[in-house]
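Colleague: Let me begin by handing over the structure; questions about it come next.
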Amino acid sequence: MSEMIRVDGLVKRYKELIAVDNFSMTVNEGEILALLGPNGSGKSTTINCILALLEFDAGNITVMGKPMTPKSYDLKRLIGVVPQEVSVFEELNVYENIDFFCGLYIKDKDERKKLVQEAIDFVELNEFKKFRPKKLSGGLKRRLNIACGIAHKPKIIFFDEPTVAVDPQSRNKILEGIEELRKQGATIIYTSHYMEEVEQLADRIIVIDKGQQIAMGTLDELKSMIKKCEMIRIEVKGVTEEDIKKIANAENIYHVEYDGKMLKIEAGKGNNVVEVIRVLEESGYRIKNVYSEQPTLNDVFLELTGKELRDE
Amino acid sequence: MFKYYLRRAFRDREFMFWSLFFPILLMTCFKLSFMPVAMKDIDFDPVKCAVLTQGEGAYADEFQSVIAELSDEEKVKTGNLGYDHAIVSLVSCASMEEAEKMILEDQVEVVFLVDATSQRIDVQVGESPSTTSLMVARSISESFRRNYTLVQETMTVAPERMEMVMASLSDSLSVMKAKGTFMGESTNYFYWYFYSTIVMGMFFNVSAGVKVVFDIQGNLSGYGMRTSVSPERKMKILMTAFLSRYVLHSAVTFLQIICMNKIFEIPLANRIPELILFVLIGNLFAMSLGSMFGLYAKGEQSAREGQATGLIMLSVFLSGEMIVVLPGFFEKYCPIINQINPATIMNFAFYRLVFYPTLNTFWMNIIKISIATVVFLTLAILKLRREKYAAL
């Protein structure tokens, strides 16, 4: 896989505030790379620097091995952008909007006509072709926003929080569409603060907070970076203080809570559920239900930064 | 791209209302409101009137001579007022008591009370005067007052033209005031409202300047960002966006001018190249001013459009769009306002284009506006050329 984007030591300051702090990353051809972080963490700023929209204070950015500047028209031709806010013209209908933005890349009318129709088919807006954006629902607008960014069949596509304020059904459509684009060969950089989406889509994830790269890797690699591996919840009544201490002192157990009905146990790697159940059964407790949850990206984020992704 | 920018401008309802329909609506209101004052298209019997003066002076003498001439059928006919009979029928009257008695006996419908010292004319009527009599009487007194003030303003502002004004005034006063005088040439304030409305329509295009800036600035709008990251040259997009709006807005102004001339029967000089230049410069100025607001003002797009339109409304108001005597007032007490107010500069330019035999002042005004336009455009382009932003 060849390297599509490389960012080395990127620094962007807004007066005293450091929005991006010595940030580095690479994006490989055909992968979906997710930038995961809370609002204001520097995800969009990083993208805008890569797109040569923002001046930055230090660092080096290359796209397909060439430095990215505002005048890199040959590179810009290969890039598609889906901005965070729905950015379409209210006075133009669905078809015209897509045709207009596609026209910035494709001059040949016949080719453009074909591409616009393909984009409309892709986002399933065929029956809304003649609709102006204000007549579309939020989800349909988002799909139009995507169609405007991808109609020219870019090799690299930036999705900046494309599912903000979208209903679950439309969100799924959007995520399926992004997956389909990757299958078609596009390289995708995806920013979000929705960890479920990132877990579902991304090949690699960069966790970013306060402009700094906190961690980078596949989902499994990230989960392996934290101590907590499992959350065990057991419905059981009458557990004594002594038995709780016994469980807490067991191997791989980090934290135990009990509210009289539910025993909550944070555990590390290992065969934890079996071990805990064995202790409880030996003490004669009647276990009603047992739940085991694997760690989420939120747990990763919490452990690495000390705060939850959705704190913001 | 041009096609879509043009289509967008054409579908911009706000623009269509403020730049096209509102000025035409306003002109319709002016026509309906002021046409009676101009005394056109109304037929009536001569209004029986008397004149009583207080004090002595040119003001009272001139008013009496005007009334005398309006009561002269021959002079009215030859005075190009559009009537084939006298407008008033002058009844001799010596005192207020006699006038009141004559009103009661229906011998007189209207009495003009002229105070030569305070230069004031009051119109006295009976208990139930006819609307036409009252309207004609008020038109006469108001037109006289306006024209008389103009003579004095001309003395202050352009004394070298005074001889021409007096010659013209004596002629215009003799036929009364559908065609009065203004700065030395035969015309009237009625037209001023229309020319001012055309200028207002052009100046409403400041919002187009704001829109063009938002269309292409990546740090101002999402679609600006989209165009900024595209391989299309930014200056090409800028020129296309600007030109599409400019072409449409200029066409709209021409349409208004044609309406004004053909429907509302407001005269236009046979100076087509200058008129075209006037429209092109006026629209360019408005859009360049708008782009300055788009780039340098604070807030959302609508807020910046609001600020730009607010400034233009003030400028248009000060140019006499609603209170026609304001420019004269400023000439007298604060001439700098007229000299720097773009709407006044353009109004005078239009006015002079239509009514003045020479165009020196027209060119001077056009140059003033052009200089401002060039400055605004240069500042705007310098900022718009930037393709990287300090903040998004």
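Colleague: Once a ≥ b ≥ c are taken as the square roots of the eigenvalues of the Cα gyration tensor of segment B:268-336, is the result rounded (a/c under 1.5), prolate (a/b larger than b/c) or oblate (a/b not larger than b/c)?
Modeller: It is oblate, given that a/c is not under 1.5 and a/b is not larger than b/c.
Colleague: Quick check: from the Cα gyration tensor, does segment A:120-199 come out rounded (a/c under 1.5), prolate or oblate?
Modeller: Judged from the Cα gyration tensor, segment A:120-199 comes out oblate (a/c at least 1.5, b/c at or above a/b).
Colleague: Hey, fewest Cβ within 10 Å first, where do B:Asp115, A:Asp243, A:Asp110 land in order?
Modeller: A:Asp110, B:Asp115, A:Asp243
Colleague: In addition: Label-point separation (nm) for A:Asp167 and A:Lys264, each offset 7 Å from Cα along Cα-to-Cβ?
Modeller: 3.3
Colleague: Still on this structure: Would you calculate the separation in nanometres between label points at B:Gln64 and B:Glu98, each defined as 7 Å from the Cα along the Cα-to-beta-carbon direction?
Modeller: Result for the modelled spin labels: 1.2 nm.
Colleague: Most mobile of A:Asn249, A:Asn298, A:Asn60 per a Gaussian network model of chain A (Cα springs, under 10 Å)?
Modeller: Looking only at A:Asn249, A:Asn298, A:Asn60, the largest GNM fluctuation is found for A:Asn249.
Colleague: Charges at C-beta only: +1 for Lys and Arg, -1 for Asp and Glu. How large is the resulting dipole of segment A:3-224 about its Cα centre, in Debye rounded to 20?
Modeller: 700
Colleague: Filter A:Lys76/B:Lys211; A:Lys109/A:Lys155; A:Lys71/A:Lys129; A:Lys155/A:Lys269 down to the pairs with a C-alpha to C-alpha distance above 28 Å, please.
Modeller: Beyond 28 Å between Cα atoms: A:Lys71/A:Lys129; A:Lys155/A:Lys269.
Colleague: Still on this structure, please answer the following. Tell me, how many Å apart are the Cα centres for segment A:10-30 and for segment B:261-316?
Modeller: 44
Colleague: Per DSSP H run of n ≥ 4, the term is -39500 (n - 2.57); total these for the protein assembly as shown, divide by its residue number, and report the mean residue ellipticity at 222 nm rounded to 500 deg cm²/dmol.
Modeller: -16000 deg cm²/dmol
Colleague: Now a separate question. Within the set of other residues whose C-beta is less than 13 Å from the C-beta of A:Pro168, count the net charge using Lys and Arg as +1 and Asp and Glu as -1.
Modeller: Its environment carries a net charge of -1.
Colleague: Let me ask something else. For chain A, what D do you get in µm² per second when you plug the Kirkwood radius from alpha-carbon pairs into Stokes-Einstein at 25 °C and 0.890 mPa s?
Modeller: 112
Colleague: Here's something else I'd like to know. Can you list residues whose amide H is under 5 Å from A:Val81's amide H, if they're 5+ apart or on another chain and H is modeled 1.01 Å from N?
Modeller: For A:Val81, whose amide H was placed from the backbone, the distant partners under 5 Å are A:Phe158.
Colleague: So, R0 is 41 Å and r is the distance between the beta-carbons of B:Glu142 and B:Ile263; what FRET efficiency does that work out to, to 0.05?
Modeller: Between B:Glu142 and B:Ile263 the formula returns 0.95.
Colleague: While we're looking at this one, here's another question. Enumerate the calculated ³J(HN,Hα) couplings along segment A:133-140 in order (Karplus 6.51 cos²θ - 1.76 cosθ + 1.60, θ = phi - 60°), each rounded to whole Hz, writing x wherever the residue is Gly or Pro.
Modeller: Calculated HN-Hα couplings, in order: x, 5, 8, 8, 6, x, x, 5 Hz.
Colleague: Right, next: Per residue of A:79-92, what is the mean number of Cβ atoms on other protein chains within 10 angstrom of that residue's Cβ?
Modeller: Across A:79-92, the average partner-chain Cβ count within 10 Å equals 5.
Colleague: Please report Rg over Rh for segment A:230-294, where both radii come from the alpha carbon positions and Rh follows the Kirkwood definition.
Modeller: Result for segment A:230-294 is an Rg/Rh of 0.90.
Colleague: So what is the relative contact order of chain A, in percent, for Cα pairs below 8 Å that sit 6 or more residues apart?
Modeller: Relative CO of chain A lands at 20 percent.
Colleague: In addition: Nothing charged except the Cβ atoms of Lys and Arg (+1) and of Asp and Glu (-1): what's the magnitude of the dipole of segment A:9-118 about its Cα centre? Round to the nearest 20 debye.
Modeller: 320
Colleague: Same structure, new question: What nm distance separates the two modelled labels at A:Asp203 and B:Ile381, each placed 7 Å from Cα along Cα→Cβ?
Modeller: In this crude spin-label approximation the distance works out to 4.6 nm.
Colleague: Measuring from centroid to centroid over Cα atoms, what is the spacing of segment A:48-90 and segment A:126-156 in Å?
Modeller: 21
Colleague: To the nearest 10 degrees, how steeply does helix A:272-282 sit against the main Cα axis of chain A, on a 0 to 90 scale?
Modeller: For A:272-282 against chain A, the angle is about 20 degrees.
Colleague: Just to verify a number: FRET efficiency for B:Phe10 and A:Arg13, C-beta to C-beta distance, R0 = 30 Å, to 0.05?
Modeller: It comes to 0.10.
Colleague: Average partner chain C-beta neighbours within 10 Å, per residue of A:96-104?
Modeller: The per-residue average across the peptide is 4.
Colleague: Considering only C-alpha atoms, what is the centroid distance from segment A:184-205 to segment B:207-236, in Å?
Modeller: Rounded to whole Å, the Cα centres lie 28 Å apart.
Colleague: From the Cα gyration tensor of segment B:250-365, with a ≥ b ≥ c the square roots of its eigenvalues, which class applies: rounded if a/c is under 1.5, or else prolate if a/b is larger than b/c, or else oblate?
Modeller: oblate
Colleague: Follow-up question, since we're still on this one. What value in Å³ per residue do you get for the convex hull of the alpha-carbon atoms in the protein assembly as shown?
Modeller: Normalising the Cα hull of the protein assembly as shown by residue number yields 243 Å³.
Colleague: Any chance you could list the semi-axes, whole Å, largest first, of the equivalent ellipsoid that the Cα gyration tensor gives for segment A:32-178, using √(5λ)?
Modeller: They are 26, 20, 12 Å, listed largest first.
Coordinate-derived values only; no laboratory data. Small disclaimer: the values here were computed from a predicted structure and weren't measured. FYI the Cβ positions are ideal-geometry reconstructions off the backbone, even for glycines, and counts take in every protein chain you see.
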